[in-house]
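The values are calculated or read from the model by the stated rules, or taken from the named source; none is laboratory data. Keep in mind it's a predicted model, so treat the numbers as computed, not measured. Every residue, glycine as well, gets a Cβ built from its backbone with ideal geometry; the counts of neighbours run over all protein chains shown. Accessible surface is based on the protein model in full, side chains and every heavy atom, while ligands, DNA and RNA are left aside. Shrake-Rupley method; radii C 1.70, N 1.55, O 1.52, S 1.80 Å.
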Amino acid sequence: MEMPLDQEKHQFRIQRLATQLANQIAAGEVVERPSSVAKELLENSLDAAATQIEIDVEQGGTRLIRVRDNGSGIHKDDLVLALSRHATSKISVLDDLGRISTLGFRGEALPSISSVSRLTLISAQQGDSAAWRVSCEGKDPDAGPVPAAHPRGTTVEIRDLFYNTPARRKFLRTEKTEFGHLEEVVKRIALSHFNVGFQLRHNQRAVQSLKPAKSDLDRIQRIVAICGRPFIENAIRIDDEIAGLHLWGWIGLPTYSRSQTDLQYFYVNGRVIRDKLVSHAVRQAYKDMLYHGRHPAFVLYLELPPEQVDVNVHPTKHEVRFRDSRLVHDFLFRAIHNALAGIRPGDHAEPTQRTDKLRDDSDGVNMQTRTAPLSARAYTSSYGGHRQSSMPLHVHEQLSTAYAALYNHEQHPAQIQAGSDPQEVPPLGFAIAQLHGVYILAENVDGLIVVDMHAAHERIIYERLKTTFDEGNVKSQPLLVPVPIDVNEKEAALAEEYNEIFTELGFEIQRIGPTILTARDIPAVLCDANIEALIRDVLADINTYHDSKRIRDKINEILSTMACHGSVRANRKLTIPEMNALLRDMESTERSGQCNHGRPTWTQLTMKELDRLFMRGR
Ligand SMILES: Nc1ncnc2c1ncn2[C@@H]1O[C@H](COP(=O)(O)OP(=O)(O)OP(=O)(O)O)[C@@H](O)[C@H]1O
Ligand SMILES: [Mg+2]
């Protein structure tokens, strides 16, 4: 067969790429925009054990990114080498790759960056009498190191990023956008190393100034500087450990959810990670506590032996692979889930420790409540040191028993005074009235409690249904007179087909005609519900999910539908003992701070806040 002419000309020969071109190709993966340069330089400074890092940026990083650290420095004879590919001080043999404890390991970052910018590297090591400098423009350094002035540590200066790769430059956005990305990188990294101070300047203007955080308070201040005060006021401390896995940090209350995933910081052994397995575990843990489409906020640190995690799976090292991913997933899920389940009324901090006024909702944060901000207590108690569970469960159990007797009394207990012994008043206090058939008003040690009675009751019933369903014994109650329910043929067929699921849910339902069902038993907790409407809604759910497997996956949604029917409607008059019983139930129910849709169920107005309303100085 004859070859086409133009193919003949090329002869299919292989040639080695010029070093600069090879580096530029590698840079395509490593250096996407100024923020990726900042990330690599900051990681190098951290690997060099710097305790102070200064970042100067001009024009969003396109004109200048200068990172200066006080780390270990680079040996004079290694300066040129540091800029060539596959040169690293961090690993040397294959086995090292399986137990990486530094952020860098590929020996790719500096050569990649230098191939698409004008780079200067200045460094001095401990005991050096002078510092040394090398510069290069897009290619290997022309000359060896020349003397320079610099204290111990390293400065890397990147000018005119992508000056020689116009295709890349075209993709850069506005100065503001690029700087925004870069600042986010600095924030993420600053949260990963509390012991390091960071200064960020943009066009000579100070943007972030974070001193090394040594005490608990310093660390909280750094979180506040980066995540905002409302986050820490609406977060609980988490600290959990099993089988060499250690998870700690802060998780936002479900009521403090976000419309975006922008307040999610996750670190694996000090490395910033965005990982599907991690997001999935977190999402599961917050399941049915958030409004649809809302995202939780968190700052979490996972620590595990380096051999158990492979960091060499992604060009920007943003993803990891866990050796035992199942174990890690379950551990994350359980730790977060348990911490959230433990949020109870009364877990909030002492009013005196609480920051005065919550900010308004200007940053898109869903802040409708000030229930249960544990943060103040969490941060006065322990940071990283000893392990503590975030939920004083036993305390609640004792309280519930102690007050079980009390709430059976019709009379209002002795008036609660400022300074009353908190041990004698339950966290949600004692009911004093019902407002417009919607809210329960109660008095506790701190002041006034307002409870959305329907939302609270719905959550209690839902939790009860879930527990009994999981244990396989939803209690049924026979109806005195079986209730007939008119349905269409399709619904009647569904009721027959999925009768087993109805039974598990605590119903006994029969089809007694083409379009007629009867209910003989219903779940005991729903005995006050409108049975016809209840069954119709469950049928509608079943119709939506349609096959048994999906129905089982969505069982919580069905239970939630049922709970809505079983809970007290607005406008139902409750007696004081009934209200007190509800308050005590809330105190002993998991996740009772939010209703099934993530709305808060109660809130506190302290005496101080009331005084302020009346301008009553104390
Ligand atoms: N700020 C710094 N302080 C001290 N040494 C540094 C610094 N920056 C770079 N180095 C040295 O230069 C080497 C090359 O850096 P480079 O970032 O290119 O590769 P790496 O960090 O080893 O791996 P990676 O490509 O994964 O980042 C490093 O291994 C380190 O020895
Ligand atoms: Mg590096």
- line: Placing one equal point scatterer on each C-alpha of the range 21-121 and summing with Debye, one gets log10 I(q)/I(0) at q = 0.10, 0.11, 0.21 Å⁻¹ equal to -0.27, -0.33, -1.23
- line: If every Lys and Arg gets +1 and every Asp and Glu gets -1 at its Cβ, then about the Cα centre the range 166-245 yields a dipole, in debye to the nearest 20, of 640 debye
query: Where a ≥ b ≥ c are the square roots of the eigenvalues of the C-alpha gyration tensor, would you call the range 83-146 rounded, which needs a/c under 1.5, or, failing that, prolate if a/b is larger than b/c, or oblate?
result: oblate
For residue 500, net neighbour charge (Lys/Arg +1, Asp/Glu -1) across residues whose Cβ lies under 12 Å away: -3
task: Please grab the % of Cα pairs in the range 184-339 that end up more than 21 Å from each other.
output: 47 percent
- request: May I ask for the equivalent-ellipsoid semi-axes of the range 104-215, computed as the square root of five times each C-alpha gyration tensor eigenvalue and listed largest first in whole Å?
  value: 25, 24, 13
Neighbour net charge for residue 207 - beta-carbon separation under 9 angstrom, K R +1, D E -1: +1
- line: Per residue, accessible area of the range 516-580 with a 1.4 Å probe, heavy atoms of protein chains only, in Å², comes to 44 Å²
field: Net +/- balance of residues flanking residue 278 in space, Cβ distance below 13 Å, scoring K and R +1, D and E -1
entry: +2
message: Take residue 325 and residue 490, extend 7 Å from each Cα along the Cα→Cβ direction, and tell me the distance between the two endpoints in nm.
response: 3.8 nm
- request: Rounded to the nearest Å, what's the spacing between the alpha carbon centres of the range 56-101 and the range 537-600? Just the number, please.
  value: 56 Å
query: Using the Cα atoms of the range 527-618 to build a convex hull, what is its mean projected area in square nanometres?
result: 9.0 nm²
message: Please give the Cα centre distance for the range 455-512 versus the range 237-298, rounded to the nearest Å.
response: 34 Å
statement: Flagged as over-length at 21 Å C-alpha distance, from 187/317; 287/573; 573/608; 276/317; 287/554; 170/276, the pairs are 287/573; 573/608; 170/276
message: Cut-off under 27 Å on the C-alpha distance; same-chain residues fewer than 8 positions from residue 76 excluded. Which lysines are left, in chain and number order?
response: 39, 90, 139
